[in-house]
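Working notes, structure below.
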Amino acid sequence: MSTELADVAVPSYTVASVARALDLVDIVAARGSDGITVSEIARELGVSKSTAYALARTLVDRAVLRAVEPGPRYQPGMGLIRLGDAATRSMPLGVVVQPILLDLARDTGMTTRAALASNGYPVFIARIDSPGAVRFHTPLGVPELPHTSSAGKAILATMHTSDVARVAAECGLPQRTRRTISTLAELEADLAITRRRGYAIDDEEDVEGVFCIAAAFFDHAGRCAGAVSATGIKGDLTSRRIEELGSAVLDAARRLTAIFGGRSPGTES
């Protein structure tokens, strides 16, 4: 047996990998916004770098940690945020966002979702179906393509251009419909528009006939923590209606930012 697995005597009912993951959570939470590298994780836990990386990436995939470049350095994710209200402190994150999604669904008549940002990709954690008969197949907990969804583009719009290029290279910008953005230049132009108006649009770029609009929300350090979106049938949406929907998702995003003790970039904490 390697020393990596035998260095600590634990009861037979203890799962060593889970114990290490929880130890890592404690270490990262103590570091806060400073973050921690894989080498530091390996040293703190007394494990190999490959084991440290596997632990960190698993927690990133579950939004418990977030990876921030350069480095990467691992910082607390939205799943670690402690809410101030004692009544909600122990609630799952998906439950906490439900009231805001319900209000947004009621105000827009659309299906609403909340996603966490995971290294440039949206990972949806909660959904409220639209009041009407239309239902969208939108699984939770799975990273989605960032360039075809409004939530993904809302997240990308908060990132540095070099990080956007990295994400674009990783996912390959696959074509989903005839309207899908398929080049980095097109994506950068779309993100520039998103930054100016404050919200992102998926205009039949992921699924023909489906329209989606989203805005980013932020953590305590002003970093993008995720995005909230509204999805419906494209139909004959007017520019005025799109602006109304944009205002609604921006309001929902501001509420999420406030709930998680966050702040928008450039504002004082």
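Among the residues of region 52-69, which ones are more than 13 Å from Val123 (Cα to Cα) and β-branched (Val, Ile, Thr)? Once the filter is applied, which keeps residues that are more than 13 Å from Val123 (Cα to Cα) and β-branched (Val, Ile, Thr), region 52-69 yields Thr58, Val68. Scanning region 142-198 for residues being touching a residue at least 40 places away in the same chain (Cβ under 8 Å) and of a type in the set (Val, Ile, Thr) gives a total of 6. If you scan region 238-268, which residues turn out to be modelled with pLDDT of 90 or more and part of a loop (DSSP other than H, G, I, E, B)? Thr238 - this is the single residue of region 238-268 that is modelled with pLDDT of 90 or more and part of a loop (DSSP other than H, G, I, E, B). Kindly indicate whether His160 is within 20 Å of Gly77 (Cβ to Cβ) and not hydroxyl-bearing (Ser, Thr, Tyr). Spelling it out, His160 is indeed within 20 Å of Gly77 (Cβ to Cβ) and not hydroxyl-bearing (Ser, Thr, Tyr).
Answer with yes or no whether Arg106 is modelled with pLDDT under 95, charged (D, E, K, R) and in the same structural domain as Ala225 (by TED's automatic domain parsing). Write out each step before concluding.
Working: modelled with pLDDT under 95: yes; charged (D, E, K, R): yes; in the same structural domain as Ala225 (by TED's automatic domain parsing): yes.
Taking the combined requirement at face value, the residue satisfies it.
Quick grid of which residues meet (1) closer than 26 Å to Thr108 by Cα; (2) under 17 Å from the mean Cα position of the chain (by Cα); (3) in the same structural domain as Arg62 (by TED's automatic domain parsing):
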| position | (1), (2), (3) |
| --- | --- |
| Thr183 | no, no, no |
| Tyr199 | yes, yes, no |
| Glu205 | yes, no, no |
| Val210 | yes, no, no |
| His220 | no, yes, no |
| Ala225 | yes, yes, no |
| Gly232 | yes, no, no |
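Of the candidates Thr58, Thr3, the single residue that is at pLDDT below 90, exposed (fewer than 12 other Cβ atoms within 10 Å of the Cβ) and of a type in the set (Val, Ile, Thr) is Thr3. Tell me yes or no: at least one residue of region 129-144 is touching a helix residue (DSSP H, G or I) at 6+ places or on another chain (Cβ under 9 Å) and at pLDDT 90 or above. Yes, the conditions are met somewhere in region 129-144. Annotation for region 132-144: no member residue is closer than 22 Å to Glu243 by Cβ and buried (at least 22 other Cβ atoms within 10 Å of the Cβ). crowded, with 16+ Cβ neighbours inside 10 Å and either farther than 25 Å from Val142 by Cβ or at pLDDT below 90 (or both) - does that describe any residue in region 85-93? Yes: one or more hits.
Taking region 144-174, which residues are in a loop (DSSP other than H, G, I, E, B), of a type outside the set (D, E, K, R) and within 26 Å of Val249 (Cα to Cα)?
First, the residues of region 144-174 that are in a loop (DSSP other than H, G, I, E, B): 144-149, 157-160, 172-174.
The next check asks that each one be of a type outside the set (D, E, K, R); those that pass are 145-149, 157-160, 172-174.
Matches in region 144-174: Leu145, Pro146, His147, Thr148, Ser149, Ala157, Thr158, Met159, His160, Leu173.
Residues that are aliphatic (A, V, I, L, M), in a helix (DSSP H, G or I) and touching a helix residue (DSSP H, G or I) at 6+ places or on another chain (Cβ under 8 Å) within region 180-216 comprise Leu184, Leu187, Leu191, listed in sequence order. Among the helices (runs of 4 or more DSSP H) confined to region 13-71, the ones with at least 2 residues that are within 18 Å of the chain's Cα centre (by Cα) and of a type outside the set (Gly, Ala, Ser) are located at 49-61.
The values are calculated or read from the model by the stated rules, or taken from the named source; none is laboratory data. Everything numeric in this text was worked out from a predicted model, so none of it was measured. No Cβ is skipped: glycine too gets one built from the backbone with ideal geometry, and neighbour counts run over all protein chains shown.
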